[in-house]
Each structure stands twice: as C-alpha cells, then as structure tokens.
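Contents: one structure, followed by commentary.
Quick note: the coordinates plus some simple rules give every number you see, no bench work behind them. This is a predicted model, so every value here is computed, not measured. All Cβ positions, glycine included, derive from the backbone under ideal geometry; neighbour counts span all protein chains shown.
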Amino acid sequence: MAKRKANTGTKVTLKEAKKAIRMKPNGWRRLTLSNMGITIFPQCIFQLTNMDELDLSRNQIQKIPESIGKLSSLRWLDLHSNKLESVPESIGKLVGLTYLNLCNNLLTSSGLPATLASLTNLTSLNLGLNKLDALLPTMVPQESLQELGLFDNLFTSLPDFVKSQRILTRVNIKRNPLLKVKEADEMETEKSDEEDGVYLVHESRLCSVCLRLCKDPGGKHLRDCVREKLEDKRSYSGLITPNSLAAVNQDVWRVKKLEHYQSFESNI
C-alpha cells in the first residue's frame, strides 16, 4: 500500500492517525507518520494514549511540545531527520522508553535536557548528525544505556562517562574531530571490521588473566579474549550512518560537514 504524503503544513487528523496504527507481532501498537512533510507535531497524537511505538522521522518538525510527556505508554520513539533544535524537559516522563532516535536534527548540547537521565529503561540513544560538542554524564541514563550514537557531531574529546560506564557496549563516534586526537587511541577498544564505531569492553567481561594483562594491552591473550567477547555482538542498525534516507528532506545536511573533514584530513 503506497504511503500518502501530506502537503507541507497539512495537519494529520485523528482519523488518519488511527488508520496508520499497526499491531506488531510482539503485540506492540506502532504509529508511523514518516516522510509526510509534517511541520508541526500532530496534536491528535495525544488522544492516542495506548501507543507503544511512534515514528515521526523524515519530516520537517521544528519543535517537540512539552505535552510529549503525556505519551507515557511509549517504549520506542523515532524523530530522526527533522529540524529539531532542542528537546523539552518533559521527555524525561517517558520512563518506559527503551529506544530514542534524535539523529539528523539541529540539536546543540544546550538543547538537550538533563531529564534524559530519567529514562531509566533506555538502552539505545542515537544523537548522531547533530551539532553536539559536549554530553554530560547527567544527561544520560547510567544504569541502562547499552548503545550510543554520537557520529557526525562536533566532539573534540570523548565524554568521560563513555570510558567508565559499565554496560555501555557500543558507541559510534565516527567523523568527529576527536577521532584525530590521541585520546581515541588510549581507550581499550575493539573496532568493527567496517569501522563504523567503537566497542567498549568492561573489566567484568574479561577473564582474570586479562585483568592482570591490562597494564600491557599488547599481549596476545588479551587481544584474543576481547575478540572472543565481541564475536557474538548484536547488530546495532540504529547506530549506522547515514540513518535511513536522511538526505530526502534535510537541507544540505552533509555538504559543509564533508568539505570540512576532507579539508581537515588533507592537512594531517
């Protein structure tokens, strides 16, 4: 069935939203309003209080209303490839969220609320393709987050909590200025074959021999053990760049960034 596209500025009606809801095999109710030219967050969504998943990606939405906190049933929220400059504090009320995708927007570090740390069930957070240059540990849930997308931002140093967080196993930091800094090499990491991110191995996942060898990470046993621990890693498609068809509606979303990094690399 072909997806209907709304004209720019056209409001999504409650009837249209209800028709777009689909039941997934796991019983979750998913509302998909992706790539419809929506410019204003549809208010009718707040009358649908039993949604588990909401996809508003690839639109032209510039602002998330504070009332987003009323959607307490949400477990999965995708807002990638819009034109968001900030996220409201009320998002911290969505404590059931396990997945949040804010990739490919216009977010700055000051536009991220500290209430993100209240999302204590969040396992995947994608902040790639924004304008972030800092991320405080108070901005992320420390006990639940397993994967974090920070690619294509403005980080010059890796956030401190990334190195020490216990269960964070996947970080995508590709195409940030920090990748040219020695700090990236000082982490005990294992890169994927595609080099699309960094895998972090916490000491609790290493054997006793490896713990003793950590002061000498060049040892073959340590390398083999780390590799073995990562062979069964999951696929983190949510952290791959570019995320979906981002270029469809994002004005010159990569042109300047590509020119900047090509120039930077040529001068190294």
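Each of Lys70 and Thr138 was given a label point 7 Å from its Cα along the Cα-to-Cβ line. The distance between the two points is 3.0 nm. On the principal axes of its alpha carbon atoms, segment 30-166 extends 41, 26, 20 Å, with the longest extent given first. Per-residue packing, averaged as other Cβ atoms within 10 Å, sorts the ranges 74-86, 156-168, 138-150 into the order 74-86, 138-150, 156-168, beginning with the highest.
Can you tell me how much longer the chain between Arg29 and Ile167 gets when fully stretched, taken as 0.36 nm per residue apart minus their C-alpha distance, in nm with one decimal? Could you put the intermediate results ahead of the total?
Values: separation 138, 0.36 × 138 = 49.68 nm, distance 2.86 nm.
Net length gain for the segment: 46.8 nm.
Near Lys63, once Lys and Arg are set to +1 and Asp and Glu to -1 for all other residues with Cβ below 14 Å from its Cβ, the sum equals -2.
Please get the size of the charge dipole for segment 10-61, origin at its Cα centre, with Cβ charges of +1 on Lys and Arg and -1 on Asp and Glu, quoted in debye to the nearest 20.
Values: 9 positive and 4 negative charges, 37 e Å.
That gives segment 10-61 a dipole magnitude of about 180 debye.
Under the simplified labelling scheme, the Ala114-Ile40 pair shows an inter-label distance of 3.3 nm, with each label point 7 Å from Cα along Cα→Cβ. Using the Karplus relation 6.51 cos²θ - 1.76 cosθ + 1.60 with θ = phi - 60°, the per-residue 3J(HN,Hα) values for segment 55-61 come to 10, 10, 5, 6, 10, 10, 5 Hz, with x marking Gly and Pro.
As a quick test, which of the pairs Lys18/Lys63; Lys63/Lys131; Lys11/Lys63; Lys63/Lys174 have an alpha carbon distance above 20 angstrom in this structure? Long pairs (Cα-Cα over 20 Å): Lys18/Lys63; Lys63/Lys174.
Placing unit charges on the Cβ atoms only, positive for Lys and Arg and negative for Asp and Glu, gives segment 27-109 a dipole magnitude near 100 debye about its Cα centre. For segment 1-111, the relative contact order works out to 20 percent when only alpha carbon pairs closer than 8 Å and six or more residues apart are counted.
The label-point distance for Lys15 and Leu154, in a model that sets each label 7 Å from Cα toward Cβ, rounds to 4.6 nm.
About the Cα centre, and with charges only on the beta carbon of Lys, Arg (+1) and Asp, Glu (-1), how big is the dipole of segment 2-147? Nearest 20 debye, please. Here segment 2-147 has a charge dipole of around 900 debye.
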